[in-house]
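S.K.: Before I ask anything, let me first share the structure, which is written out below as structure tokens.
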């Protein structure tokens with residue numbers, strides 16, 4: 001263990017190294033740049049590679065290329081860069097290539113306010129790339145959790161052969177907290193499922209028990225084809241409806257059947273709560289304080305923190321909604337995840353608490369929503 | 001053994017992939033594919049150690065037919081994907097296959113920077129001066145005054161000189177061949193693959209289906225003849241006036257310099273980082 005005062009972005013970089021990341025490609029952008037700076041210094045010490053690409057499109061492409069070459073890979077960016085990455089994020093989904101994309105959210109749209117906090121990219125993380133696709137997005141609430149969830153993001157990406165988005169906000173990215181960083185050898189790492197059949201038997205996109213096909217790295221002697229076109233089990237382009245349908249079903253199923261493992265939440269006093277606050281990212285910190293104040297005033301309030309934003313914890317929220325009167329959803333946007341909560345809230349009333357001017361949501365705002373009649 | 005199996009290209013093709021290919025009868029892209037296979041065969045490279053990376057378009061479809069590690073990526077981004085792959089697997093010979101629109105319009109930025117970094121990749125640009133797959137829109141290499149489906153009154157944008165652009169950006173090796181001069185093309189590609197750093201081969205081709213039909217340039221054979229008659233070797237070009245040379249396709253090795261490739265330079269970064277870490281620890 002190393003006790004340190006660490007910044008959120010630095011914790012992401014260290015978490016990546018602990019998870020076994022050995023390739024980073026990125027383009028400088030506030031407020032995520034520290035992730036690149038730390039990794040440019042640290043990766044070569046471990047024999048890993050860092051490259052500053054010409055833009056975010058190229059960065060996303062390079063990490064996919066490196067992952068297909070066998071290295072755990074990541075990039076980091078913020079809103080404008082995340083928009084540029086959407087094209088090749090879809091390629092990673094289509095080719096089932098493990099990789100991690102950190103988006104330290106800043107206020108948008110467009111150039112917006114680069115140093116201000118926001119949670120405005122929640123829906124972009126879900127639906128930013130075109131077409132129907134599953135996605136995993138994780139959102140830490142503290143510096144230690146930025147480390148942990150970065151490791152988790154790599155582990156999920158390798159296990160399920162999918163891109164994973166790490167959705168930070170500027171607050172978590174730039175704040176400093178005390179952190180007892182674990183020794184890297186004590187961090188649990190998941191490696192992609194390798195191939196154990198001879199090359200002539202290998203079907204890179206074939207059926208498998210887990211719906212996640214084993215992955216051969218280029219250069220390992222399994223010569224196969226990777227394409228962004230719909231493909232058959234051999235990886236070759238197909239226009240056959242049955243093969244396209246099978247692909248879509250399998251790739252969505254590999255996430256859906258593992259929701260119990262993928263959806264990470266933290267529950268605080270949900271039992272018997274009449275009001276439940278559902279929050280994520282830095283907003284959880286304001287929510288914690290608001291809940292504490294509300295309890296002092298004898299309100300029965302619970303807090304559900306969503307560490308996994310996508311897939312949305314719909315079963316858990318629906319269950320809570322059956323037993324509480326109202327759900328408060330504070331977000332540093334004009335109401336994005338609230339749409340999901342409202343979808344499953346049933347008869348409970350959903351109160352949105354929104355702020356989209358770059359400031360954090362004050363606990364008082366959440367308290368008022370808890371107490372409002 | 002059948003005649004087909006005796007063909008030198010046979011072992012490099014994917015027989016599980018259903019032929020025929022997507023290209024029109026008479027297309028020049030297949031000639032470039034043949035040249036690439038002959039170059040790899042001549043160099044006796046292990047198929048496991050070769051990766052072919054392409055973008056989108058008619059040319060982008062080339063890798064799927066060949067039995068190597070093959071990757072068909074997004075439009076214009078092939079060089080960026082290839083950069084990541086090469087850095088992860090330096091042992092691989094990574095060959096990037098692009099069309100003119102792919103490499104120079106949507107992928108222009110990646111093209112400049114791969115050349116500037118002297119990234120250890122071989123790029124082959126099949127230049128047919130048109131967007132063929134989408135049906136004949138003008139590209140960054142369409143000659144002035146030719147018509148295209150999106151230039152019905154004639155193209156007014158000057159074309160990019162592909163090889164000269166790569167030279168300006170810093171490529172270690174730049175060559176130009178044509179699909180008429182297939183044997184020469186084999187040799188140029190083989191030279192490029194052996195080169196440290198960024199190497200480019202521009203393969204001048206044609207599209208009789210779109211550009212040719214719209215501009216009444218004749219059949220595939222006629223367009224092939226035009227390429228033959230309009231091209232000169234580098235040594236012949238040097239004896240020509242500047243004005244005469246401008247109208248010609250100049251074939252040959254346009255640049256060949258020794259410059260450390262990116263991988264060798266990044267190995268120095270790794271060495272420095274490790275040395276600094278050791279001195280701090282000491």
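A short reminder: the numbers here are calculations on the coordinates, not readings from a lab. None of the values given here were measured: they were computed from a predicted structure. Counting neighbours? That spans all protein chains shown, and the Cβs are built from the backbone with ideal geometry, glycine included.
S.K.: The conditions are (1) part of a loop (DSSP other than H, G, I, E, B); (2) surrounded by fewer than 24 Cβ atoms within 10 Å (Cβ to Cβ); (3) in contact (Cβ under 8 Å) with a residue 24 or more places away in the chain, and residue B:15 fails exactly one of them. Which is it?
M.R.: Single failed check for residue B:15: (3).
S.K.: Can you find a residue in the stretch A:106-118 that is part of a helix (DSSP H, G or I), more than 10 Å from every other protein chain (Cβ to nearest Cβ) and in contact (Cβ under 8 Å) with a residue 12 or more places away in the chain?
M.R.: So far as the stretch A:106-118 goes, no, none of its residues is part of a helix (DSSP H, G or I), more than 10 Å from every other protein chain (Cβ to nearest Cβ) and in contact (Cβ under 8 Å) with a residue 12 or more places away in the chain.
S.K.: Name the strands (runs of 3 or more DSSP E) wholly within the stretch A:270-357 that hold at least 1 residues that are touching a helix residue (DSSP H, G or I) at 6+ places or on another chain (Cβ under 8 Å), touching a residue at least 60 places away in the same chain (Cβ under 8 Å) and within 24 Å of residue A:121 (Cα to Cα)?
M.R.: In the stretch A:270-357, the matching strands (runs of 3 or more DSSP E) lie at A:275-279, A:301-306, A:308-310, A:326-331.
S.K.: Among the listed residues B:109, B:128, identify the single one that is within 8 Å of chain A (Cβ to nearest Cβ) and either over 26 Å from residue A:60 (Cα atoms) or surrounded by fewer than 22 Cβ atoms within 10 Å (Cβ to Cβ) (or both).
M.R.: Within the list B:109, B:128, the selection yields B:109.
S.K.: Within the stretch B:77-104, how many residues turn out to be at the interface with another protein chain (Cβ under 10 Å from one of its Cβ atoms) and not in a helix (DSSP H, G or I)?
M.R.: Residues in the stretch B:77-104 being at the interface with another protein chain (Cβ under 10 Å from one of its Cβ atoms) and not in a helix (DSSP H, G or I): 6 in total.
S.K.: Right, something else. Kindly establish whether residue B:217 is touching a residue at least 24 places away in the same chain (Cβ under 8 Å) and touching a helix residue (DSSP H, G or I) at 6+ places or on another chain (Cβ under 6 Å). Please lay out each step first, then the result.
M.R.: Details: touching a residue at least 24 places away in the same chain (Cβ under 8 Å): no; touching a helix residue (DSSP H, G or I) at 6+ places or on another chain (Cβ under 6 Å): yes.
So residue B:217 fails the test.
S.K.: Just a yes or no: is a residue in the stretch A:203-210 within 13 Å of chain B (Cβ to nearest Cβ) and either touching a strand residue (DSSP E or B) at 6+ places or on another chain (Cβ under 7 Å) or not in a loop (DSSP other than H, G, I, E, B) (or both)?
M.R.: no
S.K.: Same structure again: Of the conditions (1) in contact (Cβ under 8 Å) with a residue 12 or more places away in the chain; (2) surrounded by 13 or more Cβ atoms within 10 Å (Cβ to Cβ); (3) assigned to a helix (DSSP H, G or I), residue B:273 fails just one. Which one is it?
M.R.: The number of the failed condition is (1).
For (1) under 19 Å from residue A:261 (Cβ atoms); (2) surrounded by fewer than 18 Cβ atoms within 10 Å (Cβ to Cβ), each residue gets a yes or a no:
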| position | (1), (2) |
| --- | --- |
| A:155 | yes, no |
| A:161 | yes, no |
| A:169 | no, no |
| A:184 | no, yes |
| A:196 | no, yes |
| A:227 | no, no |
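S.K.: Given the options A:83, A:59, A:73, A:67, name the one that is in a helix (DSSP H, G or I), within 17 Å of the chain's Cα centre (by Cα) and either in contact (Cβ under 8 Å) with a residue 40 or more places away in the chain or at the interface with chain B (Cβ under 10 Å from one of its Cβ atoms) (or both).
M.R.: None of the others qualify; the one that does is A:83.
S.K.: Counting just the residues of the stretch B:43-73 that are part of a loop (DSSP other than H, G, I, E, B) and more than 9 Å from chain A (Cβ to nearest Cβ), which one comes out nearest to the chain's Cα centre (by Cα)?
M.R.: B:55
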